[in-house]
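Everything on this sheet refers to the single structure shown next.
The values are calculated or read from the model by the stated rules, or taken from the named source; none is laboratory data. In this text, all values refer to a predicted model and were calculated from it rather than measured experimentally. Counting neighbours? That spans all protein chains shown, and the Cβs are built from the backbone with ideal geometry, glycine included. Each accessible area value is taken on the protein alone, full model and side chains, heavy atoms only, with ligands, DNA and RNA left out. Shrake-Rupley method; radii C 1.70, N 1.55, O 1.52, S 1.80 Å.
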Amino acid sequence: MSRIITLTTDFGLEDEFAGVMKGVILSRAPGVTIVDLSHAIERQNIRQAALLIRSAYRFFPAGTIHLVVVDPGVGSDRKLILLEADNHLFLAPDNGLLGMLFEPDHFQAAHEIECPQFYLTSQSTTFHGRDILAPVAAQLAAGLNPALVGSVIEVQNLIKIEFAAPIFDGNRSMITGEITGSDHFGNLQTNIGKEMIDNLAGKSSNAVRITVKGKSINGILDAFADKAPGEMLALVGSRGVLEIAVNRGNASDQLCAGVGDEVRVEKLVC
Amino acid sequence: MSRIITLTTDFGLEDEFAGVMKGVILSRAPGVTIVDLSHAIERQNIRQAALLIRSAYRFFPAGTIHLVVVDPGVGSDRKLILLEADNHLFLAPDNGLLGMLFEPDHFQAAHEIECPQFYLTSQSTTFHGRDILAPVAAQLAAGLNPALVGSVIEVQNLIKIEFAAPIFDGNRSMITGEITGSDHFGNLQTNIGKEMIDNLAGKSSNAVRITVKGKSINGILDAFADKAPGEMLALVGSRGVLEIAVNRGNASDQLCAGVGDEVRVEKLVC
Amino acid sequence: MSRIITLTTDFGLEDEFAGVMKGVILSRAPGVTIVDLSHAIERQNIRQAALLIRSAYRFFPAGTIHLVVVDPGVGSDRKLILLEADNHLFLAPDNGLLGMLFEPDHFQAAHEIECPQFYLTSQSTTFHGRDILAPVAAQLAAGLNPALVGSVIEVQNLIKIEFAAPIFDGNRSMITGEITGSDHFGNLQTNIGKEMIDNLAGKSSNAVRITVKGKSINGILDAFADKAPGEMLALVGSRGVLEIAVNRGNASDQLCAGVGDEVRVEKLVC
């Protein structure tokens, strides 16, 4: 079987939680390939997981099944959903985790997961990732028709969470956005996409000034090494958004900046 | 080959230790599926690993091979053993790691691992997981008869470690147990199983009071979200034992509680 | 497909970085086996990764493809290389990561990776592991001839970094070496190989004194448990080099020792 199942959770790696999900999957879909995207989502941080899965899924082949489990409402009346989007399948609690895939250019269909014949025989109330989502994912990998997991849900009935959108000022000479996260290297990710900057600055990416936490950076560079070690720079990172970095350093620590902090990009008059 | 080998160690993930075990396995059993249960067992903590493997193995198919390596005695005269229990195979140092699988309802057979023709040609004295257990596991996955790894050991000759058992008071109105661990979320696990609570409290799980570190909780709930964020609750967790948790919080930190702390469950008179 | 691809990076596990490399690989080489060696190389620590891959690769079958990505120069004019050494394939930035495999007894051939038809269609400037090395590795796993990735580079034109070599004093009665790293357990690894010690001390490994940070240890033992818990000892570890350890303790913390600290091994007159 060549199907792939990816896992994104806030479970950490010290307990058996991720491992037993794999046991449940492999019991029902022998030979399926399982890939960990991250088990180090901050506990209960739905936004972080939503951003990660939106960035990551497209590097997998069409038909890949993505399990996303950040589930503070487990055991309550929150729904579990199967989303078909951009020719991938996503299984998650209906709590906003998949909301970045609800736009018309991605969304294809959604079903509530509600048919217990696909679950583990005995279910806990605190680990539906293991007891419900993992066996359903395995059976999808083994050929189960997605339409059979439960009834259709219209996209407008799914839970969304709001992400701040970057805005142009009136005459398109400035973008105001914000920090959305920082990575393992302390590089600060923003919600400002490459196209928006291109729109602002035209062809010369050096004719901009980026300001965050009172510090300003001139120009958008290609490589960390385009600045001296310890110096700050802006670039378009591997997620396709503006990032603030420090060559061989940690921008998050150096700026004391984090999620929600404002980032401004201004067009410079040459 | 559809056999599965799981790994549980205290090796951490920063060094090559887990990775080279996989290299050794895949060199001898191409295509076998390897699943990490945890490499973040606390250094030398045999009890933690014993509890984890006992909880985790049953989510894998019968015939799965479980390698458990927490081995402070490596290179000394401690034995290495192959345990057949509940239709799974377990390989580990004979230091108590597998002791929770020695009861008659699990135990099937045990062999000492003592036949060097199955080992790496050149063995270190400090990494028998790589040099002995991994190649033996691979050859078992490839079809080696377990009886061929070495001579039979009777169960009474295997090393056991004692785990405190929860006790009923005289008239079955109270259980006294203890904390056995805490998970990534700070949820506190106990040694008090669901059946024991059912026995105490009868059908109404709300007619109990749980006390730990001087704090009392009334009732056993189903879901973290049944309490407000930051509030403490008791529930039966995914390992099937009583757990103390804080909704969206960390019970271990909030109670300053840990392994060995007493937990009491009392039947309330309604 | 039975080919194996290993991954060694400084990416950490919290982001999607390692996971999306796997997605890129599995999209182009379905069914290939991917093994994480470590994603916890210290950020930008080329030496640590160079030591790890040199120690680890030989536990995998010939023909294994090893991706090593510690790449502070990503997006600059540093080269990416494909090294054939000891019948394994290695892909990495040309920054010294693979320098320990350049000796004549390992080295077979090197090519610059420079043919964009094997890359992702759209490449970032900050993540060549995902955009260039992963797809090239996948295509090698799927049968691509290594010679087709780019032009030959002579070994003398590859970037090397210097590692201090241990030295004998004039009459071979003492070795002076250094600490090269410490592992998850705090065991201190040195650059002093087993053969060199054998050369010094002859057949009796107890007739030596090891000194580090002003503390002396007599003899080289086989097992951690050969000393009482908390006591320091020297042994030849699983990498085949002299290590300083504390039984059930942490030598790195206890000695406050780290990379570059001097280690002396003296022959004792009996």
Checklist entry - Here are B:I161, B:I167, B:I179: which of them is touching a residue at least 60 places away in the same chain (Cβ under 8 Å), loosely packed, with under 15 Cβ neighbours inside 10 Å and among the hydrophobic types (A, V, I, L, M, F, W, C)? => result B:I161
Item to check | Where A:V212 falls short, out of the listed (1) at pLDDT 95 or above; (2) out of contact with any strand residue (DSSP E or B) (no Cβ under 7 Å at 6 or more places or on another chain) | outcome: (2)
Checklist outcome for this item: C:F90: passes all of (1) of a type outside the set (S, T, N, Q); (2) touching a residue at least 40 places away in the same chain (Cβ under 8 Å); (3) open to solvent by less than 10 Å² (accessible area, probe 1.4 Å) but (2)
Checklist entry - Which one is farthest from the other protein chains (Cβ to nearest Cβ) among residues in segment B:36-45 that are among the aliphatic types (A, V, I, L, M) and surrounded by 23 or more Cβ atoms within 10 Å (Cβ to Cβ)? => result B:I41
Item to check | Selection from segment B:128-150 of residues that are open to solvent by 10 Å² or more (accessible area, probe 1.4 Å) and acidic (D, E) | outcome: none
Checklist outcome for this item: Over segment A:102-157, the set of residues in a loop (DSSP other than H, G, I, E, B), among the hydrophobic types (A, V, I, L, M, F, W, C) and touching an Asp or Glu at 6+ places or on another chain (Cβ under 6 Å) is A:L120, A:I153
Item to check | Out of A:S182, A:S122, sole residue that is hydroxyl-bearing (S, T, Y) and more than 27 Å from A:P30 (Cα to Cα) | outcome: A:S182
Checklist entry - Considering only residues of segment B:63-76 that are more than 9 Å from every other protein chain (Cβ to nearest Cβ) and over 18 Å from B:F17 (Cβ atoms), which is surrounded by the fewest Cβ atoms within 10 Å (Cβ to Cβ)? => result B:G63
Checklist entry - Going through segment C:1-31 one residue at a time, which ones are more than 23 Å from the chain's Cα centre (by Cα), more than 9 Å from chain A (Cβ to nearest Cβ) and open to solvent by less than 10 Å² (accessible area, probe 1.4 Å)? => result C:A29
Checklist entry - Does segment C:211-223 contain any residue that is in contact (Cβ under 8 Å) with a residue 12 or more places away in the chain, over 25 Å from C:A165 (Cβ atoms) and touching a helix residue (DSSP H, G or I) at 6+ places or on another chain (Cβ under 9 Å)? => result no
Next on the checklist: Can you tell me how many residues within segment A:129-154 are within 14 Å of chain B (Cβ to nearest Cβ) and out of contact with any helix residue (DSSP H, G or I) (no Cβ under 9 Å at 6 or more places or on another chain)?
Outcome noted: 0
Item to check | Within segment A:206-243, tally of residues that are assigned to a loop (DSSP other than H, G, I, E, B), in contact with an Asp or Glu (Cβ under 7 Å, 6 or more places away or on another chain) and either within 14 Å of another protein chain (Cβ to nearest Cβ) or open to solvent by less than 50 Å² (accessible area, probe 1.4 Å) (or both) | outcome: 1
Checklist entry - Counting only residues that are closer than 18 Å to C:I192 by Cα and either in contact (Cβ under 8 Å) with a residue 24 or more places away in the chain or small (G, A, S) (or both), how many does segment C:224-235 have? => result 1
Item to check | Contacts under 8 angstrom Cβ, first residue in segment C:245-257 being within 12 Å of C:T190 (Cβ to Cβ), partner of a type in the set (K, R) and modelled with pLDDT of 95 or more, 6 or more apart | outcome: C:A257/C:K213
Next on the checklist: On the basis of being farther than 21 Å from A:I25 by Cβ and in contact with a strand residue (DSSP E or B) (Cβ under 8 Å, 6 or more places away or on another chain), does B:L101 make the cut?
Outcome noted: yes
Checklist entry - What number of residues within segment A:106-127 satisfy the criterion of being β-branched (V, I, T) and open to solvent by 80 Å² or more (accessible area, probe 1.4 Å)? => result 1
Checklist entry - Going by the conditions given, is B:R54 more than 22 Å from C:N250 (Cα to Cα) and either away from chain C (no Cβ under 14 Å) or in contact (Cβ under 8 Å) with a residue 60 or more places away in the chain (or both)? => result yes
Checklist entry - When B:S124 is evaluated against the numbered criteria (1) out of contact with any Cys (no Cβ under 9 Å at 6 or more places or on another chain); (2) at pLDDT 95 or above, which criterion, by number, is the only one it fails? => result (2)
Checklist entry - Can you tell me how many residues in segment C:191-205 are within 14 Å of chain B (Cβ to nearest Cβ) and either assigned to a strand (DSSP E or B) or modelled with pLDDT of 95 or more (or both)? => result 1
